[in-house]
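Shown next, in structure tokens, is the structure this report addresses.
The values are calculated or read from the model by the stated rules, or taken from the named source; none is laboratory data. What you see is a predicted model, and the numbers here were worked out from it, not measured in a lab. Counting neighbours? That spans all protein chains shown, and the Cβs are built from the backbone with ideal geometry, glycine included. Protein only, heavy atoms only, side chains kept; ligands, DNA and RNA dropped before computing areas. Shrake-Rupley method; radii C 1.70, N 1.55, O 1.52, S 1.80 Å.
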Amino acid sequence: MVALWILGILLALIVLVLMIRVGVYISFGQELRVRAKAGPVTIQIVPKPEKKPKKKKPKKEKKKPEKKEDKPAEEPKKKKGLGLTFEDIRSAVPALFESLKKGLRKTRQRLRIDPMRLSVTFGGGDPAKVAETYGWASTAMWTFMPQLENLTRMPDPRIHLDVDYNSRKTAAEGEVGISLQIRDAFAIGFSFGIPLLKWFLAFKKSKKARDAEEKKETGSPVAKENEPTHQDKGE
């Protein structure tokens with residue numbers, strides 16, 4: 001009987017934990033700010049909150065070790081990015097969005113997106129590519145946003161897209177807040193995470209093949225110095 005009571009209490013605790021509401025708030029533009037929330041608790045992630053300086057105790061003077069010859073500092077290794085291209089993203093969005101919709105249906109509109117304010121100004125060196133990117137982004141917004149509004153609670157979405165052919169870079173600013181129950185995070189994770197992982201593995205494989213082809217195309221054939229010419233053969 002005691003074991004049944006313990007099991008019942010554990011199940012009740014698990015249910016309560018799964019129903020806790022968690023969320024994240026992100027604002028970006030001139031400054032990036034990220035806050036996470038779990039129930040009544042809010043934690044600032046970016047920028048990190050300043051820590052109060054601790055009182056330093058006076059330290060005893062230590063004998064300075066003999067100076068050794070300074071070694072030349074090694075150059076920091078550059079981190080390689082994913083190497084995602086616009087074509088990679090454009091080809092992945094439709095399939096991944098279908099997987100995301102399956103997970104969002106299971107939440108029964110418990111996922112809330114508020115605020116949703118986004119302003120993007122597309123720029124770049126090639127006006128044709130900028131116009132193409134802007135056109136695709138506009139089409140994607142009008143295609144996917146109505147479906148997201150039906151699958152989630154999004155009280156006041158505001159998205160603005162624009163083009164600046166004189167700008168060399170694309171600029172974005174806005175604020176987004178997303179909150180959901182922990183059980184909904186598991187539902188979305190199982191529905192969306194596995195297809196995302198499959199796509200990522202396929203992308204890495206295709207990227208390796210592309211890199212190998214680029215090396216073959218850009219690699220210049222090395223001239224053989226000791227190879228005899230036609231005149232040498234004749235002599």
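Some values worked out for this structure:
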read-out: Qualifying positions in segment 121-130 - on the phi < 0 side of the Ramachandran plot and either part of a strand (DSSP E or B) or open to solvent by less than 40 Å² (accessible area, probe 1.4 Å) (or both); value: 121, 122, 123, 130
read-out: Residue in segment 137-147 that is among the β-branched types (Val, Ile, Thr) and either touching a Gly at 6+ places or on another chain (Cβ under 8 Å) or open to solvent by less than 30 Å² (accessible area, probe 1.4 Å) (or both) present; value: no
read-out: Per-region count, segment 148-158, residues in a strand (DSSP E or B) and open to solvent by 50 Å² or more (accessible area, probe 1.4 Å); value: 2
read-out: Subset tally (residues that are open to solvent by less than 70 Å² (accessible area, probe 1.4 Å), aliphatic (A, V, I, L, M) and either closer than 20 Å to residue 188 by Cβ or over 23 Å from the mean Cα position of the chain (by Cα) (or both)) for segment 1-54; value: 9
read-out: Pair list, Cβ under 6 Å, 6 or more apart: segment 186-213 residue more than 22 Å from residue 99 (Cα to Cα), other residue open to solvent by 50 Å² or more (accessible area, probe 1.4 Å) and in a helix (DSSP H, G or I); value: none
read-out: Flag for residue 108 being farther than 23 Å from residue 17 by Cα and either touching a His at 6+ places or on another chain (Cβ under 8 Å) or basic (Lys, Arg) (or both); value: no
read-out: Looking only at segment 175-190, and only at residues there that are of a type outside the set (Phe, Trp, Tyr) and either over 22 Å from residue 106 (Cβ atoms) or not in a strand (DSSP E or B) (or both), the one that is most open to solvent (accessible area, probe 1.4 Å); value: 183
read-out: Residue within segment 162-174 that is under 13 Å from residue 90 (Cα atoms), among the aromatic types (Phe, Trp, Tyr) and either without any contact (Cβ under 8 Å) to a residue 40 or more places away in the chain or open to solvent by 80 Å² or more (accessible area, probe 1.4 Å) (or both) present; value: no
read-out: Matching residues, segment 97-120, being free of Cβ contacts under 8 Å to residues at least 60 places away in the same chain, open to solvent by 30 Å² or more (accessible area, probe 1.4 Å), basic (Lys, Arg) and not in a loop (DSSP other than H, G, I, E, B); value: 105, 117
